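Take a look at the structure set out below.
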Amino acid sequence: MTTFEGTTNGEGRRIVVVAARFNGQITDTLVAGALDALTHHGTDPGDVDVVWVPGAFEIPVVARRFAHAGAHDAIVCLGAVIKGDTYHFELVANETARAIMDISAETGVPVIFEVLATNDLAQAEARAGGSHGNKGWEAAEAALRMADLLARLPKGDPR
């Protein structure tokens, strides 16, 4: 039996972080956590690109562009969608998640989804450096693990 698992070794890895400006007080903390994790695990800061988009719904188009360009080992998508009084919350959260999943499946590039979808600001704060940790840090670690794992797997069409 052969077992495959990726590590968080970031040496030589090129990572792009795509982050939404909407709910910036949350997203700024998620991005800081992701960048801290990447450097903590050996990724050269010069090998990390950060791209800011207006909101979560705009993340997939940028992530798709980077995935198709092929210059990065993984993409980390960060944002926060906080429930309001309308159905808009569900539309943005669901469609953003679906689009990000599709990009990863179609390109074979790990595209990590960490767009918080919370009922209120307190829940988002708890996941952006609060009592639930920093999900940006966790997303960066997932990106490194997936980049390493894919490098270890047999080559072939990712679809």
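Key figures for this structure:
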item: Selection within region 76-88 - within 20 Å of Asp28 (Cα to Cα) and either acidic (Asp, Glu) or surrounded by fewer than 19 Cβ atoms within 10 Å (Cβ to Cβ) (or both); result: Ile82, Lys83
item: Inter-residue pairs, beta-carbon under 6 Å, first more than 19 Å from Pro60 (Cβ to Cβ) and in region 20-41, second at pLDDT below 95 and surrounded by fewer than 24 Cβ atoms within 10 Å (Cβ to Cβ), 6+ apart; result: Thr29/Gly129
item: Extreme residue, farthest from Asp73 (Cα to Cα), among residues of region 10-25 that are assigned to a loop (DSSP other than H, G, I, E, B) and in contact with a Gly (Cβ under 6 Å, 6 or more places away or on another chain); result: Phe22
item: Some residue of region 114-123 being among the β-branched types (Val, Ile, Thr) and modelled with pLDDT of 95 or more; result: yes
item: Residues that are buried (at least 21 other Cβ atoms within 10 Å of the Cβ) and either farther than 17 Å from Gly70 by Cα or touching a helix residue (DSSP H, G or I) at 6+ places or on another chain (Cβ under 9 Å) (or both), drawn from region 142-159; result: Ala143, Leu144
item: Conditions (1) under 21 Å from Leu121 (Cα atoms); (2) of a type outside the set (Ser, Thr, Tyr); (3) surrounded by 14 or more Cβ atoms within 10 Å (Cβ to Cβ): number failed by Ala37; result: (1)
item: Residues located in region 40-58, provided they are more than 12 Å from Leu78 (Cβ to Cβ) and either of a type in the set (A, V, I, L, M) or touching a Pro at 6+ places or on another chain (Cβ under 6 Å) (or both); result: Val48
item: Any hit, region 6-28, residues being more than 18 Å from Ile103 (Cα to Cα) and under 13 Å from the mean Cα position of the chain (by Cα); result: yes
item: Of residues in region 135-159 being in contact with a strand residue (DSSP E or B) (Cβ under 6 Å, 6 or more places away or on another chain) and of a type outside the set (A, V, I, L, M, F, W, C), the one farthest from Arg14 (Cα to Cα); result: Lys135
item: Region 3-16 residues that are touching a residue at least 24 places away in the same chain (Cβ under 8 Å), paired with ones that are of a type in the set (Phe, Trp, Tyr) and surrounded by 13 or more Cβ atoms within 10 Å (Cβ to Cβ) (beta carbon under 9 Å, 6 or more apart); result: Val16/Phe66
item: Filtered residues of region 2-54 (kept if farther than 17 Å from Phe66 by Cβ and among the aromatic types (Phe, Trp, Tyr)); result: Phe4, Phe22
item: Filter result (of a type in the set (Lys, Arg) and at pLDDT 95 or above) within region 125-159; result: Arg127, Lys135, Arg145
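The values are calculated or read from the model by the stated rules, or taken from the named source; none is laboratory data. Because the structure is predicted, anything quoted here is derived from the model rather than measured. Reconstructed Cβ throughout: ideal geometry from the backbone, glycine too, with neighbour counts over all protein chains shown.
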